[in-house]
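A.B. asks: Structure provided below as structure tokens; questions to follow.
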Amino acid sequence: MTAMNTTFLRRLALVVLLTPSPSSAQPPLHAGPMLGYVTLREAAIWVQTARSATVQLRFFPEAQPTWARLTPPLLTREEEDLATTVVLAGLEPGTRYRYELYLDGELVERPYPLAFATQPLWQWRTDPPDVTVLFGSCAYINEAPYDRPGAPYGGDFHIFETMAATPAELMLWLGDNVYTREVDFHTPRGIAARYRHDRALPQLQRLLAAMPHLAIWDDHDYGPNDSDRSYHLRGASLAVFARYWPAIQLGLPEVPGVFQQFSLADVDFFLLDDRYHRTPNRAPRDATSTMLGAGQLQWLKEALAYSRARFKVVALGNQVLNPSTRFEGLVHYPGDYEGLLEFIRAARIEGVFFISGDRHHTELIRVQREGMYPLYDFTSSPLTAGPRRMRDDDPENANPHRVPGTLLQERSFGSLTFEGRGDERRVVLRARAADGTLRWERTIPARDLTFNRPAEAAVRSAPAPR
């Protein structure tokens, strides 16, 4: 044997020794599976792998396991962040399904059930079902090398496990769902890297599978702090968002953005984009200044007018109604703010109330305008970012528009429960601490969100939390 052959064999042996066998290869699952939207006949399930792999789901009605079907394989690709969404179509309404995840043909076990329930076909048949929706904003996940110096800004990550254990039909993420840093928001790959890092948080995984998820963004998951339409990577940021948050439709063909609509029971959700079309914060304000942009605002008005849902929930990353805030809010864009509220009054659109995030505290704002029923804005923030604790001299401490007893200055999440039969339908608002403790609860009957409401209509307080 020649010296050259001996060298070749030694190198070949080294390559074989260093190449992992299938049993010792890197586990292919990086994050998920996550439920995206679930309708009466479809469900979207998102998966991200640690390396390129084929993704398949085996699914079946819980009551009929022998009916099982296997989806065609989808290959995850580096240029798509190794993420893919499997859409299960042709499902039956009002049915609970179980599913199994297969990567490269191998079953991937998860330490919690993989299941979902399609929405029931209740229209023209029964009263709408009772449903609960969780929501929150400002989820900061620490990554020490790239965080600002000092104490970690993120914490109480067990809040996601608390939420996973809270029965609900939907989770709404209202912005700052990730926090891009200086190392992230200058390139498309940097933005994607932040999403990929945060999505793999161990405490988050059970929540991702526990209920359907929909999202909008605010500044930190769109780009830099307080970013607006001048952000040169807004198109790339939109592409990353769409990759990580499956939606039936984002924006309109002629109006890009993350805004969308979704229906659940007798509730229509209008999820808005407060960044893509926003006039720069520091630009001179005039009649053309906008947060939503003309196209999105027109869509919202027409969609509200078309909706026949008893409740119409409008969600925004910034606060909508708070006249006392000196921070970002729709109220600082009077063309959008007055235009929307006046349209609701003039068109006599009933059942509207708002939910929002961003502020790093929780509160319920109530605004009474002439000729209108009371308007409410339930702000829930933060999930895991640092809470904002107001100083004694902060003018917002005595905000006259805040419903008494609803200020919460800790990590928390909110919920909306739509319940009751017929004309007794109502929405119950709850704010819970990171460990699930009920901090406050208020009830708004549906009849109080009408133009013919009783004269004494007011938000109903619950007994003190137990």
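A.B. asks: Within 14 Å, Cβ to Cβ, of Val87, how many net charges do the neighbouring residues add up to if Lys/Arg are +1 and Asp/Glu are -1?
C.D. replies: Net charge in that neighbourhood comes out at +1.
A.B. asks: Normalising by the residue count of the chain, find the relative contact order in percent from Cα pairs under 8 Å and 6+ residues apart.
C.D. replies: Reported relative contact order: 13 percent.
A.B. asks: If packing is taken as the mean number of other Cβ atoms within 10 Å per residue, what is the order of 434-445, 198-209, highest first?
C.D. replies: Ranked by mean Cβ neighbours within 10 Å, highest first: 198-209, 434-445.
A.B. asks: Run the numbers on segment 294-391 and let me know its relative contact order in percent, using alpha-carbon pairs under 8 Å that are six or more apart.
C.D. replies: 27 percent
A.B. asks: Turning to a different aspect of this structure: What does the highest-first list of 164-171, 367-374 look like by mean Cβ count within 10 Å?
C.D. replies: Highest to lowest by the protection proxy: 164-171, 367-374.
A.B. asks: Then there's this: Roughly how many Å² is the accessible area per residue of the chain, as a whole number, for a 1.4 Å probe?
C.D. replies: Roughly 44 Å² per residue, with all protein chains present.
A.B. asks: Would you please put 347-360, 79-92 in order of how densely packed they are, using the mean number of other Cβ atoms within 10 angstrom per residue and starting with the highest?
C.D. replies: Descending mean neighbour count gives 347-360, 79-92.
A.B. asks: Candidates [x] 24.2; [y] 28.2; [z] 29.9; which is the computed mean projected area of the Cα convex hull in nm²?
C.D. replies: [y]
A.B. asks: Ignoring ligands, DNA and RNA, please state the percent of accessible area on the chain from carbon and sulfur, probe 1.4 Å.
C.D. replies: 54 percent
A.B. asks: Could you work out the local net charge near Gly335, counting Lys and Arg as +1, Asp and Glu as -1, over the other residues with Cβ closer than 14 Å to its Cβ?
C.D. replies: -1
The values are calculated or read from the model by the stated rules, or taken from the named source; none is laboratory data. Just so it is clear, the structure is predicted and the values come from calculations on it, not from any experiment. We place every Cβ from the backbone using ideal geometry, glycine too, and count neighbours over all the protein chains shown. Ligands, DNA and RNA are excluded from the accessible area calculation, which covers all protein heavy atoms including side chains. Shrake-Rupley method; radii C 1.70, N 1.55, O 1.52, S 1.80 Å.
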